[in-house]
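For reference, the structure discussed in these notes is given below.
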Amino acid sequence: MYPYLRVAGVLAGSLVKPRLRIDDTSELRLRVWPGDIDLYPEMNNGRFWTVMDLGRYDLAARTGLVRTAHRMGWLFVVAGGSIRYRRRLPPFGRFLLRTSLVGHDGRWFYFDQEFVRGGRMAAQAVVRAGLRTAKTAIPAQTVLEALGRGDWAPPLPDWIRAWIEAEETRPSI
């Protein structure tokens, strides 16, 4: 089940937290709840993906992107990702979710998301996401200009560029 209450909590919390620039890092202190675990018991691998939504929502809300997207009629979309699991997140365990927007390729934005527990990396992911209307994708430059950051174009890290290149070799249907 989707964690609607968590989403509401993150969005409400973003109203009282300091604003962030698009090159800042969102940090959410979270806990593994019974609905997050599988039979082993640990946070379910699929739940990591759902929890990563929270980090991107927090960053988008605190940078003003949620408000801008709503005003422009834009929708958020995820177009791919890759995750590396390193350590378990046990039931009721606390962890830190760090979310950073690391760059764009003109069409997609790339996020680095890290789960940290006890100062150690539990999982790390790259997520490719963007914005669109019901009919068309919104270029990254258009989004950045709407946020007053049309000049923002950091180089993508080598490991993300390698992931993008690997993704382009996948067969399409």
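Please go through the stretch 131-170 and pick out each residue that is in contact with a helix residue (DSSP H, G or I) (Cβ under 7 Å, 6 or more places away or on another chain), surrounded by 14 or more Cβ atoms within 10 Å (Cβ to Cβ) and of a type in the set (Gly, Ala, Ser).
ALA146
Residue count for the stretch 37-88 under the criterion of being more than 10 Å from the chain's Cα centre (by Cα), of a type in the set (D, E, K, R) and at pLDDT 95 or above: the result is 9. A count restricted to the stretch 48-81 and to residues that are surrounded by 14 or more Cβ atoms within 10 Å (Cβ to Cβ), in contact (Cβ under 8 Å) with a residue 60 or more places away in the chain and not hydrophobic (A, V, I, L, M, F, W, C) stands at 5. When the stretch 89-131 is examined, which residues are found to be of a type in the set (Lys, Arg), under 23 Å from VAL78 (Cα atoms) and in a strand (DSSP E or B)? Within the stretch 89-131, ARG98, ARG128 qualify.
Is there a residue being within 29 Å of GLY148 (Cβ to Cβ), out of contact with any Cys (no Cβ under 9 Å at 6 or more places or on another chain) and small (Gly, Ala, Ser) anywhere in the stretch 16-36? Within the stretch 16-36 (the criterion being within 29 Å of GLY148 (Cβ to Cβ), out of contact with any Cys (no Cβ under 9 Å at 6 or more places or on another chain) and small (Gly, Ala, Ser)), the answer is yes, since at least one residue qualifies. Considered as a group, the residues in the stretch 35-54 that are assigned to a helix (DSSP H, G or I) and among the polar types (S, T, N, Q) include one that is farthest from ASP112 (Cα to Cα), and that residue is ASN45. With respect to the conditions (1) loosely packed, with under 11 Cβ neighbours inside 10 Å; (2) farther than 25 Å from GLY46 by Cβ, ARG120 lacks only one, and its number is (2). For the stretch 132-155, which positions are aliphatic (A, V, I, L, M) and within 18 Å of VAL78 (Cα to Cα)? Passing the criteria: ALA134, ALA137, ILE138, ALA140, VAL143, LEU144. The numbered conditions (1) within 29 Å of GLU167 (Cα to Cα); (2) exposed (fewer than 14 other Cβ atoms within 10 Å of the Cβ) are all true for GLY35 except (1).
Selection of first residues in the stretch 103-121 that are polar (S, T, N, Q) and of second residues that are surrounded by 14 or more Cβ atoms within 10 Å (Cβ to Cβ), restricted to Cβ pairs under 6 Å at least 6 apart or on distinct chains, gives the following pairs, ordered by first then second residue: GLN113/MET52; GLN113/GLY55; GLN113/THR99; GLN113/ALA125.
The values are calculated or read from the model by the stated rules, or taken from the named source; none is laboratory data. Since the structure is predicted, the reported quantities are computational estimates derived from the model, not experimental observations. Every residue, glycine among them, receives a Cβ derived from its backbone with ideal geometry; neighbour counts consider all protein chains shown.
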